[in-house]
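Read the figures in this text as sums done on the coordinates, not as results from a lab. Since the structure is predicted, the reported quantities are computational estimates derived from the model, not experimental observations. When we count neighbours, we look across all protein chains shown, and the Cβ atoms used for this are built from the backbone with ideal geometry, even at glycine.
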Amino acid sequence: MKALIKKSIISTFFLLSFISIYSQDKNNSIRPGQIWPDNEGKHINAHGGGIIFYNDTYYWFGEYRLPRSENDKSRYGVSCYSSKDLLNWKNEGLALKVINDTSSLLITGCVIERPKVIYNKKTGKFIMWFHHELKGQGYKAALTGVAVSDNITGPYKYLHSLRPNAGTWPQNFGEENKKPKEGEANLKEWSEEWIKAVREGLLVRRDFTGGQMARDMTLFVEKDGKAFHIHSSEENMTLHFSELTDDYLGFTGKYFRVLPGDSNEAPAIFIMKGKYYMFTSGTTGWNPNPARLSVASKLTGEWKTIGNPCRGTEDENKITFGSQSTQILKVEGKKDAFIYMGDRWIPDNLADSRHIWLPIELENGVPVIRWYPGWDFKKLY
Ligand code: GAL
């Protein structure tokens, strides 16, 4: 009898230790700003990213950055992680990688930022778009690149990079704005007159032939399958909502200017209770600034900025809890459950940049975010 008790105590002890070791290895809550270990115990290296849900699994794509010591070459490609529960992520490796080929625009040293992947039901392919800057040219090129794969995790085949909508005018652009105005080329940048001229399409006219600039970006697929590429254009002063072709691999030439001259970056769009909402940031590079929330009744309709969605201290609100938006993620299987995904950039060691995920809450029917040092999905609707 004694032996039996001893045996069962020992086995209970081993079982408990196993459970405790096992649960220690698992992430049980979202801890914004902390190291977020993947299945190999390494901080998730997917920045400025986006998540899609496919086959009962979430796939997280983002900028893969090398550690500080190799920072000059830190722009390495696009990583992919998969998860069933949004807490524990498996590293699926690189979905797109820079290459050592001088004839390719994807050569090592180019900038790949804010990659997003969508699935095309008609072609059965996964399509990745990203902000692409050319090697050695800083942020001058303002291109968007596209890559395609039959498998969600890749490898993605790089097709090309371009400036969208060359030779076409925006859909919501007055006839009077299609002709250059006298003296506009000589206006002093950032002067009041220049900003007014930009609102009235100065830069759209400037870039009409070569194509419109495309920097910070996201993708949005409407219920009917129409997809839009949403990017900071016109020297980051105006967002362009550009319709993609049915195969999502190119632009139809139909595009809309949104919030002209308001300098929005980091767009992240979601639909909640029948309204379209968009989180954006201002334009202060890697430094965080106050987030802005805008609303519209349809994607290509009139957008209105309704203020800062942060509900923290004054200092926290000024810097969006130390983050910049990248996506508002819909949590599957729950009604109106969304997560704000942002990046807390660490410019001299981008790989170490932290993920700031916060639950979207409602205040008088309007989405807002609050800081929680640790939270789980009970916080979601
Ligand atoms: C930010 C942008 C980032 C990155 C950075 C470079 O404004 O959102 O994606 O481009 O500038 O300074």
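Miscellaneous remarks
- Reachable lysines, given that their alpha-carbon falls under 18 Å from the alpha-carbon of K135 and they are not under 8 places away in the same chain: K73, K97
- Only Cα pairs under 8 Å and 6+ residues apart enter the sum, and on that basis the relative contact order of the chain stands at 13 percent.
- Among P347, N308, S323 the positive-end extreme of the charge dipole of region 285-381 (Cβ point charges): N308
- A dipole drawn for the chain from +1 and -1 charges on Cβ atoms has a positive end, and of I44, Y277, I195 the residue lying farthest that way is I44.
- Choice from V221, V117, V146 with maximal GNM fluctuation in the chain (Cα, 10 Å cutoff): V221
- From the largest down, region 209-342 spans 44, 39, 23 angstrom on the principal axes of its Cα atoms.
- Principal-axis tilt of helix 2-25 within the chain, Cα atoms, nearest 10 degrees: 10 degrees
- Candidates N317, N165, N151, ranked by Gaussian network fluctuation over the chain, Cα under 10 Å, top entry: N151
- Sorted largest first, the principal axis extents computed over the alpha-carbon atoms of region 93-207 equal 52, 36, 22 Å.
- Dipole of the chain computed with +1 at Lys/Arg Cβ and -1 at Asp/Glu Cβ about the Cα centre; of L239, P267, G225, farthest Cα towards the positive end is G225.
- Rounded to the nearest 20 debye, dipole of region 239-314 from Cβ charges on Lys, Arg, Asp, Glu: 320 debye
- CD proxy at 222 nm, helix term only [per DSSP H run n ≥ 4: -39500 (n - 2.57); per residue of the chain; nearest 500]: -3500 deg cm²/dmol
- Rg over Rh for the chain works out to 1.03, both radii taken from alpha-carbon positions and Rh defined as the Kirkwood radius.
- Each part gets one Cα centre, and for region 100-163 versus region 256-318 those centres are 25 Å apart.
- Total lysine pairs under 26 Å (Cα atoms) in region 258-381, excluding pairs fewer than 8 apart on one chain: 29
- Residue with peak Gaussian network fluctuation, the chain [Cα springs, cutoff 10 Å], from E175, E363, E235: E175
- Dipole in debye (nearest 20) - the chain, about Cα centre, beta carbon charges: Lys, Arg +1; Asp, Glu -1: 1160 debye
- Gain in span if fully extended, S191 to K140, counting 0.36 nm per residue against the direct Cα distance: 16.2 nm
- For W357, nonlocal amide neighbours, meaning residues 5 or more places apart or on other chains whose placed amide H falls under 5 Å from its own, are G33, G342.
- Summed residue charge, Cβ within 10 Å of S325's Cβ, Lys/Arg positive, Asp/Glu negative: -2
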